[in-house]
Structure formats: structure tokens, C-alpha cells
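Peer 1: Take this structure first; my questions come after.
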Amino acid sequence: VTLNLLASSIATATLASTAVLIAATGELLAERVGVFNIGIEGSMLAGALAGLVATNSTGHVGIGLLAAAAVGMGASFVFGLTIAVFRANMVVAGLAITFLGIGLTGVLGQDYVRQAAEQRIPRWNIPFLSEIPYLGEALFRQFSLTYVAFLMPFAVWFLLYRTRHGLNLRAVGESPVAADVAGIAVTVWRLVYVTIGGAFAGVAGAFLSLGQVGTWIPGMTSGQGFVAIAIVIFASWEPLFLILGAFLFGALGTLGNVAQALGWGVPSEFFSALPYAGTLAVLYAVTWTRTQRAGQPPWPAGLGVPFFRGAD
Amino acid sequence: VNRWFRAIATIGGLRLERRTTPGGTIRYRAGSAVVGIVVSFALALAFSDVGVSEFVSDLWDGTFGTPEGIEDVTTLATPLVFLGLAASIPLRLGLWNVGGEGQLFLGAWAAAGIAFLLPTMSGPPLIALMLLGALGGGALWIAIPALARVYLGVSEIVGTLLLNFVAGYWVIYWAVGKWRDPLSAAGVRSELLPDQSELPHLHVGAAEVPVGFAIGVGIALIIWLVVRSTRTGYEITMLGSSPRAAHFAGIQTRALTLGVLFVGGALAGAGGAVQMVGEVHRYGDALSNLTGFIGVIIAVLAGGSEIGVLIFAVVFACISVGGNILRVGGTSSDLVFAMFGLTLVFAAMGQGLAHVRVVVRRRPREDSLVRSARALSGDGAGDA
């Protein structure tokens, strides 16, 4: 019984960490070119609604995901324009996008509230692996997008550390002035990667409305975009650690089910709050041990620093 | 890209010039906020059945045209003043308190706890005690992100943001569990607070203004005076504009940073308690609808000025009234949030634009030295 519970809990945790992991991967790309985007919460909401609307009006979940990516990109492109071209403060612009996301999805999505997705993201049982006792149930009977989400950090790692493109990308985030002198168009790079990050956020939102939950509910992201930001910091901006952070968030979220199954008698609100509080606590603990060892945490040196040629 | 910008600007006969120091910031901020508000109302009107003239007269009646309107606006503005200050004071040091929502609920929780523990105490001392408790509750809720910011260097943004969601479940636990209203099962709301904890209204002419609004205005003025004319205020200004200089001047930067954040959290908590004793009279999720985040927007638009917070709190209350008149979409609050977001986008761009100036093209006589220097650097006027 305990092994069954463990297997189903891991399965739920993997499911619950998917959206956060996708959003965090996108946020990591943006932060690695030096842009701190708290607007991804808004992009996620926009993606969740757009994904459901597009799926239900065309009947194809693939088109829904594409629409979610496009809308997420659009929202983040507006964010990118305001910060990179109009020189707006990143926190202000991010907050504005989040508010726009909450407000516009509330207004435009009123007819879609609790409407079920006509086609869900397909589940995919991996041949052979899904037949392994317990382990198969835990890891290999997920939504197809979940596998992509867990592979994506590896792709980003390869991009960042094994390609010239990735070297340039990191340079833009670490030292925009040096990158500019080396002939990299910093503003364009920032705009492009913030927009790509928005596509991730949009798809992350659509994973909720087309997969994990399967309907549109206003405010359904419930802060997962903000959690993604915390996970990026937890991961010290290293793509592979994102998997760990996201899984931790998912696992903390499933503890409530475990507690119910085992009859622990702790109020359910405690377990609902645990993913947020626990992620934060682990973030602080990790940073504390790291500062004990190495001083400052290794964030991209240009993170949050606006870049305009000749502004210094 | 820069070349394109320059080309477009040249065709328009306009030129963008970089300012060495941002100029006319207040003008740009206020101007762009006004543009944002007008644009968002225009968009909302376009999707609404309400006609323009009808809307304008309804808006006037609903805000300043009638005593009821004045009462509505001041009532809506009251929590916004507190939450605006809660974000605005840390912003003087460049710190972002985006956890006002959670601090508000924790402050109100402490106040409600005091009221339920001392149900027989007479009104004025009880309310005073509740407000003190709320200050403590709010300060406590910001303590962890504040300490992490000062001692670990972790951005206060993440901590204050995530604790909002923890506070949300804290509200549910108390309002649905311990303090449940035995008469109504629906909604996240506690039983009524003791009668004597109700904050009265002031009579200003024909209008009734909540006492909480007067308290908020008073606090804003006090903080404004403190920052203007005390040693601590001077140190805050110095630390905000030049942390290095402040450090070398021997200012206790850590203590000051913590203090400023605690004051922010405490004021958010007080805002929650004032909203509870003034309006809602229960503990529950009706105490706030993203008020903490709206406070951040107000603080940004006010640009670190307490007087600005007062002004924009009233402006945003008027926008809420306007949104209620239009009622596009599912709930009127959704429309208002979209309008706030759009206003903030414009305001953010306006703040950035304060760094450049648009001038009608008047080609200055360039001597050869300037021309060759410009050709060498490849840098010019138009690269926005």
C-alpha cells in the first residue's frame, strides 16, 4: 500500500511540477539575458485562456498550444518593448503585464469559465518503461508535454554552454556593455529572449487549462509564475537545477494527499500553503549555505540592469 | 535597429535626444498616467453599451458630484492609501514590497484576534489595540523577506510575493475554521466582530467620510514630514540615492533597510485592520481584492511621494467607480484590473521616456571634429 501511495504521489508531483518547470525554463532564458520578468504570471494566464479558446474553436489541441505560445509571446513582447525600448522599470512593467493578464483574461474569458477543453493534451505511456512496476506508474504515464518539459532544461543547458550562440547569450546577461562592444545587439537579444520566454509561459498556462486541470478558471495559475521566478533563483540560474526545484514544488503540493491517505489530521490549508512556503524556505536555506561558502549567489551580473548604449 | 529609429524620427522632422539626467520626471509620469487612464477608459467604453455623455455624468455623480459619491470614493481610497504607503516607503530605498496583500491579511488577523479575545472591552481602546496589533502583524509578515534581503541578499520581491499565497490560506484557515460564521456557510468570512469595534464616519458637509481615510491622510502627512525634516528621513533619502555614499557616511544601512521594510509591512497590516473595522466588520477574503498589488501601482505612479500616494489613491478609487459603471466582462473588478495594468504600462513607458527628449529637428551646425567623432562612435541621437 505504501509503495502504491509513493508511486501515485510521485506521479502527481511530476504532473504538478510541469507547468512551473516550463515557466521557469522560459524565465531562466529571460534572466540569462539580464531581464527580470515578473510578468510571466500574466503571460501564463493569457496562455491558459488562449489555449482553451483556440482548442475548443478548432478542435485541435495542437493549435491551442500554438495559440497559447503566441499569446504568451505577445504579452512578453509588450513587456520587452516597454523595458528594452521605452526604458521602463522591469518590476513596474512586469507588474503591469500581470495586471493586464488578470484583467483581460477575466473580461475576455467570462464565457469560457469552467468550460471543459474539448481535446486534452494527450497522455503518453512510454513503451516498456511504463510497464515497470511502481516506477512506470510514477514517471512514465504522463502527459506528453510533461516529458518535453523535463527534457527542455537539458536543451537549454546545451544551448547555453555548448554553442557560440549560448556564449553570446550569457555575455548579454553578464556584461551587456562588453557584449555591446563585441558587436552584439543587446537590446535585440533581450527583446528576442524575453519574447521566447513568454512562449514558454504561455504554454505553461495552457498545460493547466488543457492538461492538468482541463478547464478555464479565472486566476487558475495561482501564483505559479511567481513560484517559477523563485525556482530560477533556487537553481542559481542553472537550467538543470530547475528540474529539482520544480519537482520540489510539485512534491510539496502532493503532501496534502499523502496526509489525507495516512490520516495525519493536519488542516488542509497547511498543505495548500506548503508549496509556496516550502519553496521559499528551501530557497533561503540554499542561499544561506551558499553565502556561507562563496559570498554572493551567482546571479547574472547584468540581471535587472537596464542597458542603453551611452547611458553610462 | 537604431538606424531605423533614427530614420523614422528624421522623416517626422523630430529628433530624439538623450538627456544626461532624466528631466521633467514628474511631468512625464503624471502625463503618461493620464494618457493611460484616458486610453483604458476609451477602450472600455468602446466595448460597453454605456454612452460617453451618460458615462461622464454617471462618473461625476458617482465620485465628487454627490455626497454619496464622495463617501464612495473616500471609502474605496482608504485601503489604497495605506497599501500605497506600504509600497511607497520601501520604494524610497529602491525596495519592492509586493507582499502588501499578505501583510494586509495578517494585520487584519491580529486585529480580529484581539477583538475576539476581548469582546467586552469598550470601543476606542479596543480599536486602538486592534490597530496596534495590526501594525505588528503586518510587520511580522514582512520580517522574513526583509531579513533575507538584508542578510542573505535574496531579492525581497520573491519572498514578499510568495508569502501572499501563504497568507491566502491562513485567511481560509481562520475565517472558515476557527472563527466561522455560524449563520452562513458560504464564503470565506468569519462571524461579525463585536459591535463596539466599528469605526464611525466623519461628517464633512453633507458627505460622510470614513475615519479610516482621515487616519490614512494623517499618516501620509506624518511620513512626508519625517522624511523631509528629520535625521532619519535624511538618511533614508541618502541611502536611496547613493548606497555607497550612505555606507561611507556611517549610516546603519542594514538597520535602516530593515526599519523601512518593517514600516511598510506594518502600514499594510494597519490598512487591513482599518478596512475591517471601517467597512467589512468580519475577517475574510472580502478585506482585499488585490489591494496590495494596486498599492504597488499607486506607489510607482506617486514616485516616492506620500502626497502623490494620496492623490493616486483617490484617482484609482475614481477609476474603480468608473469601471463599476461600465461593467464590461464577468466581474467589474476584472475590467478595473485590466485598466490598472494598461495605465501602468503607459506610466512605465513615460518614466522611461523621461530619459530622452523629443525635439523638432533643428540641425545644429556641426564642426568637423564633432562630425568625425560621431562617425567614429557610431552613436547618435536617435538610438532609443
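Peer 1: What FRET efficiency, computed as 1/(1 + (r/R0)^6) with R0 = 51 Å and r the Cβ-Cβ distance, is obtained for B:E54 and A:L135, rounded to the nearest 0.05?
Peer 2: That pair, B:E54 with A:L135, gives E of 0.20.
Peer 1: Rounded to the nearest 100 Å², what's the accessible area chains B and A bury against each other, both chains counted, probe 1.4 Å?
Peer 2: Chain pair B/A: roughly 4200 Å² of buried accessible area.
Peer 1: Turning to a different aspect of this structure: Work out the charge dipole of the protein assembly as shown with +1 on the Cβ of Lys and Arg and -1 on the Cβ of Asp and Glu about the Cα centre, then indicate which of B:I298, A:L66, B:I222 is farthest towards its positive end.
Peer 2: Selected residue: A:L66.
Peer 1: Full extension from A:Q110 to A:A301: what is 0.36 nm times the residue separation minus their Cα-Cα distance, to one decimal in nm?
Peer 2: Stretched fully, the A:Q110-A:A301 segment lengthens by 64.5 nm.
Peer 1: Among residues other than B:G205 whose Cβ falls under 14 Å from its Cβ, what is the net charge (Lys/Arg +1, Asp/Glu -1)?
Peer 2: Here the charged neighbours net out to -3.
Peer 1: What number, in percent, do you get for the relative contact order of the stretch A:1-138 if the mean sequence gap of Cα pairs under 8 Å and at least 6 apart is divided by its residue count?
Peer 2: 32
Peer 1: Each label point is 7 Å from the Cα along the Cα-to-Cβ direction; what then is the distance between the points at A:L262 and B:L118, in nm?
Peer 2: A separation of 4.2 nm, rounded to one decimal place.
Peer 1: Next question, about the same structure. Pop the C-beta distance of B:R231 and B:A286 into the FRET formula with R0 = 41 Å and round what comes out to the nearest 0.05.
Peer 2: E(calc), rounded to 0.05, equals 0.50.
Peer 1: Taking a quarter of the surface of the Cα convex hull of the stretch A:3-147, what do you get in nm²?
Peer 2: Result: 10.3 nm².
Peer 1: Given points 7 Å out from each Cα along the Cα-Cβ axis, report the A:A285 to A:L3 separation in nanometres with one decimal.
Peer 2: Label at A:A285, label at A:L3, 2.9 nm between them.
Peer 1: Next question, about the same structure. Got a sec? What order do B:H247, B:H281 fall in by accessible area at 1.4 Å, biggest, i.e. largest, first?
Peer 2: Final ranking, largest accessible area leading: B:H247, B:H281.
Peer 1: Could you state the angle between the C-alpha long axis of helix A:239-262 and the longest principal axis of the C-alpha atoms of chain A, as a value from 0 to 90 degrees rounded to the nearest 10?
Peer 2: Rounded to the nearest ten degrees, it is 30.
The values are calculated or read from the model by the stated rules, or taken from the named source; none is laboratory data. The model shown is predicted, which means the values in this text are computed figures rather than measured ones. Don't worry about glycine lacking a Cβ; one is built from the backbone with ideal geometry, like all the others, and counts go over all protein chains shown. Heads up: the accessible areas ignore ligands, DNA and RNA and are worked out on the full protein's heavy atoms, side chains in. Shrake-Rupley method; radii C 1.70, N 1.55, O 1.52, S 1.80 Å.
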